[in-house]
1. Please specify each residue of region 8-25 satisfying the condition of being surrounded by 12 or more Cβ atoms within 10 Å (Cβ to Cβ) and not hydrophobic (A, V, I, L, M, F, W, C).
2. If residue 28 satisfies all but one of (1) touching an Asp or Glu at 6+ places or on another chain (Cβ under 9 Å); (2) farther than 23 Å from residue 93 by Cα; (3) surrounded by fewer than 17 Cβ atoms within 10 Å (Cβ to Cβ), what's the number of the condition it fails?
3. Working only within region 1-49, note down all residues that are assigned to a helix (DSSP H, G or I), without any contact (Cβ under 8 Å) to a residue 60 or more places away in the chain and of a type in the set (Val, Ile, Thr).
4. Across region 57-78, which residue is nearest to residue 45 (Cα to Cα) among those that are in contact (Cβ under 8 Å) with a residue 24 or more places away in the chain and loosely packed, with under 14 Cβ neighbours inside 10 Å?
5. How many of the residues making up region 14-52 are of a type in the set (Gly, Ala, Ser), more than 17 Å from residue 104 (Cα to Cα) and touching a helix residue (DSSP H, G or I) at 6+ places or on another chain (Cβ under 7 Å)?
6. Taking only pairs six or more apart or across chains, which ones have beta-carbon atoms under 7 Å, a first residue in region 79-93 that is loosely packed, with under 11 Cβ neighbours inside 10 Å and at pLDDT 95 or above, and a second residue that is of a type in the set (Ser, Thr, Tyr) and part of a strand (DSSP E or B)?
Amino acid sequence: MQHVFSGLYVTQQQLLGRTLSAADLHTLASCSRTGSTHDGPGEDWLCSVQFLDSGTASAQAFEVQLKADGCWTATGAAATQPAQLVDPVTSQRLTNPLAEFDGCLDTSWR
């Protein structure tokens, strides 16, 4: 999932006019459950992510819902990852790629 967070952060920053590539970014992600179970599917996962590059450092949290088939949906807090961004040059509204996104884990190793 760390690769997904990195790619979407780079996309977001490029939408906002920053010149940033995946090679410029160091991302640290740590996910854990907030309930009594420590693994498996559930709606109580929380991922803490740190985005570090030469221009900024940012720590953010994402709520993650993980299904039994390995597919997941991550949602950023509205205060730090609003659904819409505003282009600093054109003032055009843009969809924030980090507001909510999903994917599937490779479960073939089971």
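1. Matches in region 8-25: 9, 11, 12, 13, 14, 18, 24.
2. (1)
3. Of everything in region 1-49, just one residue is assigned to a helix (DSSP H, G or I), without any contact (Cβ under 8 Å) to a residue 60 or more places away in the chain and of a type in the set (Val, Ile, Thr), namely 10.
4. Ranking the qualifying residues of region 57-78, first place goes to 68.
5. Of the residues in region 14-52, 2 are of a type in the set (Gly, Ala, Ser), more than 17 Å from residue 104 (Cα to Cα) and touching a helix residue (DSSP H, G or I) at 6+ places or on another chain (Cβ under 7 Å).
6. Correct list of pairs: 84/95.
The values are calculated or read from the model by the stated rules, or taken from the named source; none is laboratory data. Keep in mind the model is a prediction, meaning the values are calculated, not measured. Counting neighbours? That spans all protein chains shown, and the Cβs are built from the backbone with ideal geometry, glycine included.
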